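Novice: I am attaching a structure below and will ask some questions about it afterwards.
The values are calculated or read from the model by the stated rules, or taken from the named source; none is laboratory data. Quick caveat: nothing in here was measured; it's all calculated off a predicted structure. When we count neighbours, we look across all protein chains shown, and the Cβ atoms used for this are built from the backbone with ideal geometry, even at glycine. Keep in mind that these areas ignore ligands, DNA and RNA; they rest on the heavy atoms of the full protein, side chains included. Shrake-Rupley method; radii C 1.70, N 1.55, O 1.52, S 1.80 Å.
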Amino acid sequence: MAYWKSRGLRGSAFEELISLTNRLYRERRLAVIQKVPTPITPVAVNNETHTISAAYFEQKSTVDFIGVAQGVAICFDAKETRYKNLPLKNIHRHQIEFMEAFRRQEGIAFLLVRFVWADEVFFLPVETLSQYHSSAALGGRKSIPYEAFDRKYLVQNKNGFPIHYLEAVNIYLQE
């Protein structure tokens, strides 16, 4: 578990559940998905506890996870919110641009969004995310309301997978 007290580590328990799911996917030969490390440069290290106490980010991050599932390239970011909406301020234009470029190369790009208050996780395709982000840039709503998340993309804890998102990916691919 992450120890560095940073705003960037919010949702790390959610990411750990996704990482556990990814390990299970790999063991069962369903997918090979890995966490993309965020490049940091430590500036202060506590030698007694072997922890980084101060660091800076070397470059902008793109997505949290990337890999391939049964021949389909996928990339996604994990977001968590305590609100009844997903604030768009936490999703940066460069991340959306990366996901859109990934999609143009015939990959699948999306967010996994966890609503803490409802204890629910949703698959959100980059196309939907882009529409809301573009609308916000033109003065529209600055968040995606919970009601806008399609129930068919509700991600379940199923078959031993804590965050079984490949089912939602499959539904998306069938459309």
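Novice: Take every Cα-Cα pair in the range 50-175 and report what % of them are more than 17 Å apart.
Specialist: The answer is 59 percent, as a whole percent.
Novice: Can you give the accessible area of S134, probe radius 1.4 Å, in Å² rounded to 10?
Specialist: Only protein atoms counted, so the area is about 60 Å².
Novice: Can you tell me how much longer the chain between N46 and E120 gets when fully stretched, taken as 0.36 nm per residue apart minus their C-alpha distance, in nm with one decimal?
Specialist: On the way: separation 74, 0.36 × 74 = 26.64 nm, distance 3.72 nm.
Between N46 and E120, full extension yields 22.9 nm more.
Novice: In whole Å, what three semi-axes, largest first, describe the equivalent ellipsoid of the range 68-107 built from its Cα gyration tensor (square root of 5 times each eigenvalue)?
Specialist: That gives 24, 13, 6 Å for the three semi-axes.
Novice: Moving to a separate point now. Have a look at the range 132-175 and give its Rg and Dmax from the Cα atoms, expressed in angstrom.
Specialist: Using the Cα atoms of the range 132-175, the pair Rg, Dmax is 14.2, 43 Å.
Novice: I would also like to ask the following. Quickly work out the N85-to-S135 label distance, labels modelled 7 Å from Cα along the C-beta direction, and quote it in nm with one decimal.
Specialist: Between S135 and N85, the simple spin-label model gives 1.0 nm.
Novice: A further question on this structure: Over 23 Å between Cα atoms, which of K79/K152; K89/K158; K89/K152; K35/K158 qualify?
Specialist: With Cα atoms farther than 23 Å apart: K89/K158; K89/K152.
Novice: Still on this model: Need the full-extension length gain, S12 to E127, defined as separation in residues times 0.36 nm minus the C-alpha distance. One decimal, nm.
Specialist: 38.9 nm
Novice: Separation between the D150 and E100 pseudo-spin-labels, each 7 Å from Cα along Cα→Cβ, expressed in nm?
Specialist: Label at D150, label at E100, 2.0 nm between them.
Novice: Considering only DSSP beta bridges where both residues belong to the range 74-125, give the percentage that are antiparallel (nearest 5).
Specialist: The antiparallel fraction comes to roughly 45 percent.
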